Structures are given as C-alpha cells and as structure tokens.
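The values are calculated or read from the model by the stated rules, or taken from the named source; none is laboratory data. All figures in this text were calculated on a predicted structure; none of them were measured in a lab. Here the Cβ positions follow ideal geometry from the backbone for every residue, glycine too, while neighbour counts run over all protein chains shown. Keep in mind that these areas ignore ligands, DNA and RNA; they rest on the heavy atoms of the full protein, side chains included. Shrake-Rupley method; radii C 1.70, N 1.55, O 1.52, S 1.80 Å.
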Amino acid sequence: GTDGLAATLKLREKGNVPIILLSAKSEESDKITGLSFGADDYVTKPFSPMELMARVKSAVRRYTSLGGAVSSDSVIVNGGLVLDADAKTVSVDGETKPLTATEYGIVEYLMKNMGKVLSTSQIYEAVWNEPSMSSEKTVTVHIRRIREKIEIDPKDPEYIKVVWGIGYKMEIIK
C-alpha cells in the first residue's frame, strides 16, 4: 500500500541493503529523486531481463564486497562468491548453494588459499584428513560437482580453475 520512494526510505531507516527501483517513470527528475531517496540503481520499463540480472548481481557484489553484509573473520568474499564459516554456507550473488559437507570443505580450503595452486593430494589431505592415495579422481569428481553448483558456466569456470598437470586454484575475483 505504499509507493517505491516511501518503501526506499523505510528500508534505508532499517539498514544498508541493495535497492533497485523499477519504474515506468523515465524522466530524468524521477531518476534523480529515486536515487536521492537512497536507491542504488533505477531501471525504467521496458528493460531487458538480462540487463536487470546484471544490475542485481552488481548490486549484490558491491553490497557483499564493500562490507554491507555481516562481516567477521568467518566470512570470506571472492567477487560474488561468499563463504560463511560460522553458518557453513556458500552463496553466489546472494543465492545460497546446497553443498555437501565434502564440497563445502573443498570450497573452504580453496578460498582460504585463494590464488595458490593446490595439488589434488593437498586438497584431499586437507579435506578428508587422511593421507592421499590416488585421490586425483575423487577430488576431480567433487570439483566438477561444485562447479555445476557455483559456476554460471561450469565448462568455463570463473572461480575454480584447473592448472593442468598440477591441480586447482581459487581464482581471485575483484
């Protein structure tokens, strides 16, 4: 029962969350008013669904990387990928991904060692807590499943990169 500007003001009173206004009002003065009331972005109709998704992802990325989200030593952020060690969750662009305990362990180990190339043996020993014995296939299968859950295009991954003949690394995303 309220308009977008009033809702924006109420949301801003409660905290710092990303706000994107969608409106048929396309005059410059309407956009300026919406942004001055606290909106992060203003999109006018008609709009492309792909553009809207890109704007939402951008707003979530700014929110998580610039400290809008709850931050503590237990949260690791890499681009749109967020690992919360206390909650044992992994989310991508604000969407929590259902990972098994082993998959979570692999992502956590890779994120704690961002940018470092890790062999499959190192990953196996860190996650399974036992000596590695021909663990390459086990780790590879788990990495494939993780990519299917967290990557937009698992065949061209953004986060978990293979380093041929050596292992894997968590790519640092700005």
How would you rank 42-50, 102-110, 150-158, 138-146, highest first, on the average number of other Cβ atoms within 10 Å across their residues? 102-110, 138-146, 150-158, 42-50
Accessible solvent surface per residue of the chain, calculated while the other protein chains remain in place, 1.4 angstrom probe, Å²: 61 Å²
Dipole magnitude of the chain, debye to nearest 20 (Cβ charges: Lys/Arg +1, Asp/Glu -1, about Cα centre): 120 debye
Just how much of Leu35 is accessible, in Å², when a 1.4 Å probe is used and the result is rounded to the nearest 10? 80 Å²
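How would Val163, Val90 rank on accessible area, largest to smallest, probe 1.4 Å?
Order by accessible area, largest first: Val163, Val90.
In what sequence, highest mean first, do 128-134, 21-27 appear when ranked by Cβ atoms within 10 angstrom?
Output ranking for 128-134, 21-27: 21-27, 128-134.
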Which one, (1) 23, 17, 16; (2) 40, 17, 12; (3) 31, 25, 18, gives semi-axes √(5λ) of the Cα gyration tensor in Å as derived from the coordinates shown? (2)
What pairs from Lys97/Lys155; Lys45/Lys174; Lys112/Lys149; Lys14/Lys112; Lys57/Lys161 go past 23 Å between their alpha carbons? Lys45/Lys174; Lys14/Lys112
Can you give the extra length, in nm with one decimal, that the chain gains between Met133 and Lys25 once fully stretched, where that is 0.36 nm per residue apart less the Cα-Cα distance? 32.5 nm
